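A.B. asks: Got a structure for you, questions after.
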Amino acid sequence: MTKRLCAGLTALLLLSVVCGVALGPVSVPFTDVVRFLKAAVVGDVIQAAEAGAYRIVWDIRLPRVLLAAVVGAGLSVVGVAIQAMVRNALADPYVLGISSGASVGATAVATMGLFASLGIYALSTAAFLSALIAMALVYLAARRGGLTPLRLVLTGTAMAYGFSAIAMLLVFQAPRGEAARAAMFWLLGSLGGVTWASLPAAAVTVVAGTVYLRTRAKQLNAMSMGDETATTLGVDVTRTRKTLFVVTAAMTGVLVAVSGAVGFVGLMLPHLVRLVVGADHRRVLTIAPLAGACFLIWVDVAARLLAAPEELPLGVITAALGVPCFVFLMRGRGYVFGGK
Amino acid sequence: MDVEVDGVVVDGILRGVEFAARKGEVHGIVGPNGSGKSTTLRCVYRALTPSGGAVRLDGRPLAAMSIRDTARQLAALTQDSQVEFDFTVAEVVAMGRLPHQSGFDRETARDREVCASALSRVDAAHLADRSFLSLSGGERQRVLIARALAQEPRVLVLDEPTNHLDINHQLAVLALVRGLGVTVLAVLHDLNLAAAYCDRIHVLDAGRVVASGTAEEVLTPEVLADVFRVRAHVVRHPVSGVPQLLFEHQEVLP
């Protein structure tokens, strides 16, 4: 069943990519999209009159759609891993404070113009660097007395409040209202202005991270049963949790740096996938990246279309789509989470 | 496999616990609340590293073995089993194969066979497709025992295995573990069950073993008065002849 679902979702993903490229304030016919993509990949001739449409497809839409897929896949996978690692159904990629850390760097750039020499990469660079600092701080603070699930969640949450306070302070101190707006927009997540250059680092991180986490699926299963049980099943819990922390935090840092803090995907997609395929992480970690990728492509399409020519923040749409969907599914099946 | 608990110290809880179980023996650990029974077991199944002393399997200290190597020899039924996600019973039992599986995934036919037989041995084959979280306390306990059996251990450590079980399943589970032929260390609250199913019993009090031996040697009115502060009469079981305890009831306070 997982195999068929996997094949179905892969097909859906390809279809979503094509649709995602075709749809937007300026829509491009599907046949043209397919023809342009073919031309770009295997080489073909494009009429001079079509150059504008080709540029929209290849230079603007495609990197953006692919990045949406990468971010959606990454957030879903990280959400799954973190929920198992801290044994908490309410955890999401941001529970460890990494995204709030990133927001400090990003708002500093948006409001004070730091790293101006880096141009359009200033925001991402600053976000990633401050995510790394946040990761180190959370790790060091939680490490004493063992990296237990509760300590990680509490430390991460407490730190997140601190980082958010700094980010908010920066926003309110900003001399220009426009800068505050930009910072807020980034905080809610956006893929506007993505170029090919943003893609490789994020794609490599997400693919490598996903493959690694997938190889740890059975350990994640064991850890979901409690630390003592996992130990008796031969899992070195302390070491595994340290590695998982570093891997998930690094993935989160990269994702937040390229797309802002897109909310809800990392919390909801893991549960949606578990509803369908059950709790076994071997299946969850196979299906979640595909489902997450499709989901975020369509969210981004909605972000472009709903208020065109304005763009909506992704976080607004993930929540608007996700909440009803989640409530509906939870009512429909006897999904149990968190004990009884 | 021989298990040796040699002067194990855990600060504030265990003050040099010492006993040894030989291959195939069933050892019961009894004692009042807070005497260090579970802590002793946690040192054996490596949830806790003792601050002094050592636990050895066939003479090899646990500290010299990897956690995975230990798990290939030793399985445990622990007290922590709050589960956050909705695994099926079959998936929970399959986790018992983890220490024996290498690298990626793929359960082999033998893995599936071992799991199915473990489930049917605890009388839970019919639960295989049920959600673990939907089970009753007793059913969960049996499934967790099946997971431990699926590990094909040479030492089985059980923290209150009869917890939540009805009397029929209490007897069945203890008879089952006795019949496995592996070394068993079990914390038991029911002294009569301990007397009936254990080769040797160790009585813990305030972090120390205060009596060790067969049921006959250990479960005496004196030990029960000293350690448990109850008055008891020892009688013979009419069929098996093992010593059984009858307790004097405390007066009901008005």
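A.B. asks: Do you know which of the residues in the stretch A:255-281 that are on the phi > 0 side of the Ramachandran plot and away from every other protein chain (no Cβ under 14 Å) is surrounded by the most Cβ atoms within 10 Å (Cβ to Cβ)?
C.D. replies: A:Gly260
A.B. asks: Tell me which of these B:Arg200 doesn't satisfy, since it passes every other one: (1) out of contact with any Cys (no Cβ under 9 Å at 6 or more places or on another chain); (2) without any contact (Cβ under 8 Å) to a residue 24 or more places away in the chain.
C.D. replies: Here B:Arg200 clears every test but (2).
A.B. asks: Exactly one condition in (1) touching a residue at least 60 places away in the same chain (Cβ under 8 Å); (2) part of a helix (DSSP H, G or I); (3) away from chain B (no Cβ under 14 Å) is not met by A:Ala51; state its number.
C.D. replies: Exception for A:Ala51: condition (1).
A.B. asks: For B:Ser81, all conditions in the list (1) among the hydroxyl-bearing types (Ser, Thr, Tyr); (2) modelled with pLDDT of 95 or more; (3) closer than 30 Å to A:Pro270 by Cα hold save one; what is the number of the exception?
C.D. replies: (2)
A.B. asks: Here's a follow-up. Need pairs with beta-carbon distance below 7 Å; first residue closer than 14 Å to A:Gly74 by Cα and within the stretch A:265-278, second modelled with pLDDT under 90 and not hydroxyl-bearing (Ser, Thr, Tyr); sequence gap 6+ or separate chains.
C.D. replies: A:Gly266/A:Asp92; A:Gly266/A:Pro93; A:Leu267/A:Asp92; A:Met268/A:Gly322; A:Met268/A:Phe326
A.B. asks: Does B:Ala172 satisfy being of a type in the set (Gly, Ala, Ser) and surrounded by fewer than 20 Cβ atoms within 10 Å (Cβ to Cβ)?
C.D. replies: Answer is yes for this residue.
A.B. asks: Report whether or not B:Leu144 is part of a strand (DSSP E or B) and touching a Leu at 6+ places or on another chain (Cβ under 7 Å).
C.D. replies: no
A.B. asks: Something else now. Within the stretch A:217-232, restricting attention to residues that are buried (at least 24 other Cβ atoms within 10 Å of the Cβ), under 16 Å from B:Ile67 (Cα atoms) and facing chain B (nearest Cβ under 7 Å), which residue is farthest from the chain's Cα centre (by Cα)?
C.D. replies: Within the stretch A:217-232, the match that is farthest from the chain's Cα centre (by Cα) is A:Thr232.
A.B. asks: If you go through the stretch B:151-161 one residue at a time, how many are more than 10 Å from chain A (Cβ to nearest Cβ) and buried (at least 24 other Cβ atoms within 10 Å of the Cβ)?
C.D. replies: Matching residues across the stretch B:151-161 total 2.
A.B. asks: Take A:Val235 and decide whether it is closer than 30 Å to B:Ala90 by Cα, more than 17 Å from the chain's Cα centre (by Cα) and either more than 10 Å from chain B (Cβ to nearest Cβ) or not hydroxyl-bearing (Ser, Thr, Tyr) (or both).
C.D. replies: Judged against the criteria, A:Val235 is a match.
A.B. asks: When you go through (1) closer than 30 Å to A:Arg282 by Cβ; (2) within 20 Å of the chain's Cα centre (by Cα); (3) in contact (Cβ under 8 Å) with a residue 60 or more places away in the chain one by one for A:Leu14, which number turns out not to apply?
C.D. replies: With (1) closer than 30 Å to A:Arg282 by Cβ; (2) within 20 Å of the chain's Cα centre (by Cα); (3) in contact (Cβ under 8 Å) with a residue 60 or more places away in the chain applied to A:Leu14, the lone miss is (3).
A.B. asks: Which one is farthest from B:Pro99 (Cα to Cα) among residues in the stretch B:38-57 that are within 12 Å of chain A (Cβ to nearest Cβ) and among the charged types (D, E, K, R)?
C.D. replies: Across the stretch B:38-57, the extreme among qualifying residues is B:Arg42.
A.B. asks: Follow-up question, since we're still on this one. How many residues are farther than 17 Å from A:Thr238 by Cα and crowded, with 16+ Cβ neighbours inside 10 Å if we restrict to the stretch A:136-154?
C.D. replies: Qualifying residue count for the region: 1.
A.B. asks: Name the single residue, out of those in the stretch A:86-106 being over 13 Å from the mean Cα position of the chain (by Cα) and outside any loop (DSSP other than H, G, I, E, B), that is nearest to the other protein chains (Cβ to nearest Cβ).
C.D. replies: Looking at the filtered set, the residue picked out is A:Ser100.
A.B. asks: Take the stretch B:123-158 and flag every residue that is under 15 Å from the mean Cα position of the chain (by Cα) and among the hydrophobic types (A, V, I, L, M, F, W, C).
C.D. replies: Scanning the stretch B:123-158 gives B:Val143, B:Leu144, B:Ile145, B:Ala146, B:Ala148, B:Leu149, B:Val155, B:Leu156, B:Val157, B:Leu158.
A.B. asks: Check every one of the helices (runs of 4 or more DSSP H) wholly within the stretch B:58-136 and list those with 1 or more residues that are facing another protein chain (nearest Cβ under 9 Å) and surrounded by 23 or more Cβ atoms within 10 Å (Cβ to Cβ).
C.D. replies: Filter on the stretch B:58-136 gives B:67-73, B:89-94.
A.B. asks: Those residues that are touching a helix residue (DSSP H, G or I) at 6+ places or on another chain (Cβ under 8 Å), surrounded by 14 or more Cβ atoms within 10 Å (Cβ to Cβ) and among the polar types (S, T, N, Q), I need them from the stretch B:206-254; list them, please.
C.D. replies: B:Ser212, B:Gln244
A.B. asks: Same structure again: If A:Val316 meets every condition in (1) in a helix (DSSP H, G or I); (2) free of Cβ contacts under 8 Å to residues at least 12 places away in the same chain; (3) of a type in the set (A, V, I, L, M, F, W, C) apart from one, which number is that one?
C.D. replies: (2)
Every residue, every condition in (1) under 18 Å from A:Ala126 (Cβ atoms); (2) surrounded by 17 or more Cβ atoms within 10 Å (Cβ to Cβ); (3) of a type in the set (A, V, I, L, M, F, W, C), yes or no:
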residue	(1), (2), (3)
A:Tyr161	no, no, no
A:Ala179	yes, yes, yes
A:Leu188	yes, yes, yes
A:Val194	yes, yes, yes
A:Ser198	yes, yes, no
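A.B. asks: Please give the number of the condition B:Ser51 fails out of (1) small (Gly, Ala, Ser); (2) surrounded by 17 or more Cβ atoms within 10 Å (Cβ to Cβ); (3) on the phi < 0 side of the Ramachandran plot.
C.D. replies: If we test B:Ser51 against (1) small (Gly, Ala, Ser); (2) surrounded by 17 or more Cβ atoms within 10 Å (Cβ to Cβ); (3) on the phi < 0 side of the Ramachandran plot, just (2) comes out false.
A.B. asks: Still on this structure, I have one more. Let me spell it out: the conditions are (1) farther than 17 Å from A:Leu90 by Cα; (2) within 14 Å of another protein chain (Cβ to nearest Cβ); (3) crowded, with 24+ Cβ neighbours inside 10 Å, and A:Val284 meets all of them except one. Which number is the exception?
C.D. replies: That leaves (1) as the condition not met.
The values are calculated or read from the model by the stated rules, or taken from the named source; none is laboratory data. Quantities reported herein were computed from a predicted structural model and do not represent experimental measurements. As a convention, Cβ positions derive from the backbone with ideal geometry for all residues, glycine included, and neighbour counts pool all protein chains shown.
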